[in-house]
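Derivation of every value follows stated rules applied to the coordinates shown; laboratory data play no part. This structure is a prediction, so every number in the text was calculated from the model and none was measured. Counting neighbours? That spans all protein chains shown, and the Cβs are built from the backbone with ideal geometry, glycine included.
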Amino acid sequence: MNTGMDELYREVILDHHRSPRGREPLPGPADARAEGKNPSCGDELVLELACAGGAITGAHVECHGCAIATASSSILAELVAGRTPEQVRVLAEAFRTAMHSADGVLADDLDPGDLEVLTGVRKFPARVKCALLPWITLLSALDAEGEGKPAAPATTEA
Amino acid sequence: MTSRGDFLRAPAGVEPCDGQAGDCSRCGRIFSERFPLLERQVNGRPLVYLDSAATTQKPGAVIAAEARYYREHNANVHRGMHTLGVEATDLYEACRSRVGRFLGVPGERVVVTRGATSALNLVAGGLGSSLKPGDEIIVTEMEHHANLVPWIELARREGLVLRHLPVTADGELDLERLPQLLTPRTRVVALTHVSNVLGTINPVAEIAAAAHRRGALVVVDAAQSVGHLPFTFAELGADFLVFSAHKAYGPMGLGFLVGGAEALERLQPVEFGGEMIETVTMDSATWAAVPYRFEAGTPNVGAAAAFPAALDTIDEATLQRLRQHEISLTGYALERLERLGGLTIFGPRDAAQRGGLVSFHDPMVHPHDMAQLLDSQGIAVRAGHHCAQPLHRRLGVVATSRASFGMYNSHDDIDALVDGIGYARSVFGA
């Protein structure tokens with residue numbers, strides 16, 4: 001590949017795109033749910049979370065988006081299980097900051113997994129939204145869950 | 001002696017250009033040397049520009065004319081008593097007349113706007129006060145948001161009923177549905193001349209005739225057709241036509257509303273201020289004549305000064321030849337993309353029934369990834385919903401990739417596109 005394409009389409013990202021995690025429906029009804037949209041391109045996703053004992057136990061994502069949005073959704077599904085909503089918020093915020101920073105570093109104590117690889121997308125400003133879409137949808141789902149009401153659709157256009 | 005005659009003919013299945021195209025051997029580029037931007041490199045590769053449906057590139061003559069305006073003539077129009085003001089006004093009015101001549105209407109039926117979108121908002125807003133709750137407007141399922149959202153908003157505000165003319169599986173308007181949609185309460189039929197996604201050329205004259213039998217006004221979005229298809233305003237049979245200069249080799253920030261004399265008189269101004277008035281007191285104002293009553297504020301005089309150079313370029317090439325060229329490019333693109341396999345290609349199969357664009361979907365590579373990977377090869381295409389979300393919903397995809405053509409493109413550009421799609425697939429391991 002050339003002109004940075006190998007940096008954007010890293011093997012880890014392509015792998016998440018080819019076999020995305022979190023595509024299996026949740027075993028029971030969702031405890032939190034939100035829809036996300038990127039109006040500039042039409043990408044859409046639906047995120048459902050299962051929670052138990054103060055922690056997220058599983059995530060189900062239906063993503064109709066590009067490889068970057070799909071891979072980001074997949075990494076999200078992999079990372080949220082077993083974390084508390086607060087931990088997940090901190091992770092989402094750290095990812096957002098990294099995507100807008102020069103070095104894109106995520107602290108090791110966040111246990112960021114493949115999210116570290118995804119920060120390479122920050123060098124392609126037009127695609128940052130694609131990487132963030134699942135995460136803003138996640139925040140929307142958590143907000144709704146906290147307030148006990150249906151989530152407002154998340155959008156990349158603020 | 002070996003005859004090489006076969007080699008000079010188009011490959012099997014490729015619609016050859018006819019002899020009228022002049023320098024068109026294997027559909028060569030037309031005037032491409034006049035477009036300075038096409039000389040640049042993108043990501044280390046020579047640019048292959050296949051996004052002319054979004055905006056065409058500009059001939060050097062257009063760029064020079066806009067620069068010359070600001071260097072030599074810049075002044076406000078219709079008010080300066082000084083020499084520069086007179087020159088600027090002359091250039092601005094010359095553009096109006098030139099557009100009128102291009103479409104076969106007198107200049108006083110040409111309203112200068114910021115673009116096709118603002119012209120459509122002017123028509124929708126300007127008709128608003130003459131419509132009553134329960135009146136009906138027909139739009140088509142293949143409209144660009146610019147010819148859909150102003151009508152949705154008008155319908156909401158005035159209590160109008162919006163009806164939709166659907167698109168068939170072949171990507172054409174379902175004309176069999178038109179008679180039942182047209183009722184005595186139909187006031188407006190708004191449709192695109194050429195779909196910016198499907199490429200479909202709609203039978204505007206036929207639809208306009210049916211609409212007129214019901215007494216409805218016909219509004220045509222000609223953003224994809226002016227400067228690409230040969231036609232006059234009268235041939236379309238519409239009451240209003242809008243287009244943007246920048247999709248017809250002209251500058252951005254300039255568009256036009258062309259209308260029938262009576263239709264324009266029916267329109268109320270939607271923007272108020274300087275330049276559009278006849279007399280103003282502290283409590284009242286009367287409007288200037290058409291078209292000036294629709295041109296409040298300072299217009300884009302620099303762009304207007306430049307646009308005639310674009311129309312001159314088109315006329316020098318001739319619209320017939322440009323059209324022939326786009327048919328040839330479209331036919332070749334359809335054929336090569338189909339032969340590639342695995343792609344869904346949208347719109348009519350016959351290039352002669354289409355404008356110069358092809359939208360496609362590769363189930364293996366999302367349009368964003370496709371556009372990004374093509375860009376890495378220097379190939380510019382559009383990816384997304386192309387401001388036509390309802391149509392994409394109808395097509396059953398969130399987004400498509402679109403290659404669109406201008407006079408400067410050649411079959412080589414389509415070969416580059418096909419190679420680029422192959423490269424994109426290879427990245428995704430397809």
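Across region B:359-380, the qualifying residues are those that are within 15 Å of B:ILE345 (Cα to Cα) and part of a loop (DSSP other than H, G, I, E, B), and the one among them that is farthest from the other protein chains (Cβ to nearest Cβ) is B:PRO363. Whether any residue in region B:129-149 is among the acidic types (Asp, Glu), in contact (Cβ under 8 Å) with a residue 24 or more places away in the chain and in a helix (DSSP H, G or I) is what I want to check. No, there is no match, as no residue in region B:129-149 is among the acidic types (Asp, Glu), in contact (Cβ under 8 Å) with a residue 24 or more places away in the chain and in a helix (DSSP H, G or I). Among the residues of region B:381-411, the ones that are closer than 19 Å to B:GLY355 by Cα and either more than 12 Å from every other protein chain (Cβ to nearest Cβ) or without any contact (Cβ under 8 Å) to a residue 12 or more places away in the chain (or both) come to 11 in all.
Taking the condition within 21 Å of A:GLU24 (Cβ to Cβ), within 14 Å of chain B (Cβ to nearest Cβ) and assigned to a helix (DSSP H, G or I), does A:LEU133 pass?
Details: within 21 Å of A:GLU24 (Cβ to Cβ): yes; within 14 Å of chain B (Cβ to nearest Cβ): yes; assigned to a helix (DSSP H, G or I): yes.
Spelling it out, A:LEU133 is indeed within 21 Å of A:GLU24 (Cβ to Cβ), within 14 Å of chain B (Cβ to nearest Cβ) and assigned to a helix (DSSP H, G or I).
All of A:GLY113, A:GLY146 fail the test of being under 21 Å from A:VAL61 (Cα atoms) and surrounded by fewer than 12 Cβ atoms within 10 Å (Cβ to Cβ), apart from A:GLY146.
Of the residues A:LEU45, A:LEU79, which single one is crowded, with 18+ Cβ neighbours inside 10 Å, within 19 Å of A:VAL121 (Cβ to Cβ) and without any contact (Cβ under 8 Å) to a residue 40 or more places away in the chain? Walk me through how you get there before you give the answer.
Numbers: A:LEU45 fails: without any contact (Cβ under 8 Å) to a residue 40 or more places away in the chain.
Result: A:LEU79 is the single residue among A:LEU45, A:LEU79 that is crowded, with 18+ Cβ neighbours inside 10 Å, within 19 Å of A:VAL121 (Cβ to Cβ) and without any contact (Cβ under 8 Å) to a residue 40 or more places away in the chain.
The set of residues from region A:27-41 being crowded, with 23+ Cβ neighbours inside 10 Å and within 14 Å of chain B (Cβ to nearest Cβ) comprises A:GLY36, A:ASN38, A:CYS41.
Out of all the residues in region B:70-88, is one or more away from chain A (no Cβ under 14 Å), under 25 Å from the mean Cα position of the chain (by Cα) and buried (at least 21 other Cβ atoms within 10 Å of the Cβ)? Lay out the reasoning, then the answer.
Applying the first criterion (away from chain A (no Cβ under 14 Å)) to region B:70-88 yields B:70-88.
Narrowing further to those that are under 25 Å from the mean Cα position of the chain (by Cα): none.
No, the conditions are met nowhere in region B:70-88.
How about region B:98-119: which of its residues are free of Cβ contacts under 8 Å to residues at least 12 places away in the same chain and closer than 25 Å to B:ALA67 by Cβ?
B:ARG101, the sole residue that qualifies.
Every residue, every condition in (1) in contact (Cβ under 8 Å) with a residue 12 or more places away in the chain; (2) in contact with an Asp or Glu (Cβ under 6 Å, 6 or more places away or on another chain); (3) surrounded by 21 or more Cβ atoms within 10 Å (Cβ to Cβ); (4) of a type outside the set (Ser, Thr, Tyr), yes or no:
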site	(1), (2), (3), (4)
B:ASP283	no, no, no, yes
B:TYR292	yes, no, no, no
B:THR298	yes, no, no, no
B:ALA306	yes, yes, yes, yes
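Regarding region A:1-21, can at least one residue be identified that is more than 10 Å from chain B (Cβ to nearest Cβ) and farther than 30 Å from B:ASP375 by Cα? Within region A:1-21, none of the residues are more than 10 Å from chain B (Cβ to nearest Cβ) and farther than 30 Å from B:ASP375 by Cα.
Restricting to region B:159-210, what's the tally of residues that are in contact (Cβ under 8 Å) with a residue 24 or more places away in the chain and part of a helix (DSSP H, G or I)?
Of all residues in region B:159-210, those in contact (Cβ under 8 Å) with a residue 24 or more places away in the chain come to B:159-167, B:170-173, B:175, B:178-179, B:181-210.
Now drop any that are not part of a helix (DSSP H, G or I), which leaves B:175, B:178-179, B:181, B:204-210.
Matching residues across region B:159-210 total 11.
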